[in-house]
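The values are calculated or read from the model by the stated rules, or taken from the named source; none is laboratory data. Remember, predicted model here, so these are calculated numbers, not experimental data. Neighbour counts run over all protein chains shown; Cβ positions are idealised from the backbone, glycine included.
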């Protein structure tokens with residue numbers, strides 16, 4: 001007789017239910033979210049007939065956390081049920097809108113009993129792949145935080161010190177997120193303070209930030225911009241905005257340091273993974289972008305039965321909606337947004353570095369695709385090639401990926 005387990009999780013406790021293949025509830029209990037509670041759940045499963053040869057599958061509405069990690073270590077299949085799917089299933093069973101944690105645990109177990117084939121167990125990724133996922137996502141979040149702070153600083157400078165944007169964008173390399181630009185912003189956060197910076201002081205700040213080249217040219221350029229007549233806020237308001245800017249620059253310094261540290265750690269872990277050489281053999285993928293890609297697809301090669309599943313997961317395949325005489329083909333909204341973000345960068349770089357990718361993109365554009373449509377189609381093409389290469393353990397081959405496409409001269 002088959003058994004199924006459902007867990008409705010919370011921060012300090014979990015409701016657990018085990019049912020049989022007829023839907024009858026065998027046991028239902030609330031346990032604490034600690035080692036003792038986990039041991040109690042294992043005992044409940046054992047009492048219900050759980051064995052190493054025939055483990056009871058478990059349904060839960062999350063794929064992360066210590067509880068899920070401990071369950072994974074036991075080797076039993078774990079199904080992370082999408083909360084939206086669970087909500088819709090609940091509305092089918094209870095039209096009154098009634099809800100309880102205990103009932104949700106039974107409901108999750110019932111989803112496995114009635115519709116297990118429509119759900120996939122949590123991938124059995126290696127510990128290294130899971131570590132890369134942690135680091136790559138943290139690195140991406142840090143980059144987004146750095147970008148957000150940079151935009152916030154730009155917005156503030158436009159209100160009282162627009163000349164700073166002109167000055168720092170004109171620096172060799174450009175941009176206010178650079179170490180030298182941040183150093184000068186912190187030292188002179190107002191137009192008045194910037195105008196008083198001497199050439200000696202400017203050169204010292206640039207060198208302290210690590211600048212070795214074009215120091216004299218950038219010093220002259222900055223001094224010229226800072227000493228040019230410009231509109232000013234009232235002195236008291238300008239001073240207050242300078243204080244605000246200095247605090248934002250401090251946060252930006254921390255964000256930039258986090259990006260550097262996480263980038264180094266992500267790269268180091270990714271280069272230790274056996275899939276890294278295959279992934280970075282593709283045009284447009286380097287260590288960080290490759291790590292982000294691996295973080296989202298994992299290294300459990302049974303996760304996607306074919307390339308179509310991978311493309312759908314990444315949002316690279318379209319969705320068809322047909323009703324009556326009307327058929328609409330549209331891009332996929334439900335997808336892994338982090339993987340789709342990698343795809344946007346990947347395709348843009350691949351178009352510049354791969355003749356086959358360029359020819360494929362141009363052909364789709366000629367056929368009438370918008371730029372984003374052509375990019376998604378190319379993303380799907382590259383994902384299909386990646387799926388094959390990872391499965392066969394072969395590096396990317398331009399001639400096999402895009403047969404008949406022009407090649408770069410040696």
**Selection from segment 182-200 of residues that are free of Cβ contacts under 8 Å to residues at least 12 places away in the same chain and either part of a helix (DSSP H, G or I) or in contact with a strand residue (DSSP E or B) (Cβ under 6 Å, 6 or more places away or on another chain) (or both)** = 200
**Item:** Residue check for residue 65: within 24 Å of residue 334 (Cβ to Cβ) and buried (at least 19 other Cβ atoms within 10 Å of the Cβ)
**Value:** no
**Prompt:** Quick one: in segment 295-335, which of the residues that are surrounded by 13 or more Cβ atoms within 10 Å (Cβ to Cβ) and more than 17 Å from residue 386 (Cα to Cα) is modelled with the highest pLDDT?
**Reply:** 335
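Rundown of residues vs (1) assigned to a loop (DSSP other than H, G, I, E, B); (2) surrounded by 14 or more Cβ atoms within 10 Å (Cβ to Cβ), yes/no style:
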{"position": "158", "(1), (2)": "no, no"}
{"position": "163", "(1), (2)": "no, yes"}
{"position": "180", "(1), (2)": "no, yes"}
{"position": "203", "(1), (2)": "no, yes"}
{"position": "211", "(1), (2)": "yes, yes"}
{"position": "233", "(1), (2)": "yes, yes"}
{"position": "240", "(1), (2)": "no, yes"}
{"position": "244", "(1), (2)": "no, yes"}
**Asked** If you scan segment 262-294, which residues turn out to be surrounded by fewer than 18 Cβ atoms within 10 Å (Cβ to Cβ), over 24 Å from residue 356 (Cβ atoms) and without any contact (Cβ under 8 Å) to a residue 60 or more places away in the chain?
**Response** 264, 268, 271, 274
**Message:** Of the residues 400, 338, 376, 332, only one is in a helix (DSSP H, G or I) and either more than 23 Å from residue 288 (Cα to Cα) or in contact with a strand residue (DSSP E or B) (Cβ under 8 Å, 6 or more places away or on another chain) (or both); which?
**Reply:** 400
**Message:** Yes or no: segment 298-309 includes at least one residue that is assigned to a helix (DSSP H, G or I) and free of Cβ contacts under 8 Å to residues at least 12 places away in the same chain.
**Reply:** yes
**Message:** Looking at the structure I just gave you, is residue 207 out of contact with any strand residue (DSSP E or B) (no Cβ under 9 Å at 6 or more places or on another chain), buried (at least 19 other Cβ atoms within 10 Å of the Cβ) and at pLDDT 90 or above?
**Reply:** no
**Asked** Right, residue 391: closer than 20 Å to residue 270 by Cβ, at pLDDT 90 or above and out of contact with any helix residue (DSSP H, G or I) (no Cβ under 8 Å at 6 or more places or on another chain) or not?
**Response** yes
**Matching entry among 17, 46 (being farther than 24 Å from residue 125 by Cα and touching a helix residue (DSSP H, G or I) at 6+ places or on another chain (Cβ under 6 Å))** = 17
**Asked** What are the residues in segment 124-147 that are surrounded by fewer than 18 Cβ atoms within 10 Å (Cβ to Cβ) and not in a helix (DSSP H, G or I), if any?
**Response** 124, 126
**Fill in**
Subset of segment 47-75, residues over 25 Å from the mean Cα position of the chain (by Cα), part of a loop (DSSP other than H, G, I, E, B) and free of Cβ contacts under 8 Å to residues at least 24 places away in the same chain, comes to 51, 52, 53, 54, 55, 75
**Prompt:** Only one of (1) closer than 13 Å to residue 283 by Cα; (2) touching a helix residue (DSSP H, G or I) at 6+ places or on another chain (Cβ under 9 Å); (3) surrounded by fewer than 21 Cβ atoms within 10 Å (Cβ to Cβ) is not met by residue 353, so which one is it?
**Reply:** (2)
**Request:** Determine, yes or no, whether residue 19 is touching a strand residue (DSSP E or B) at 6+ places or on another chain (Cβ under 6 Å) and either crowded, with 17+ Cβ neighbours inside 10 Å or in the same structural domain as residue 109 (by TED's automatic domain parsing) (or both).
**Result:** yes
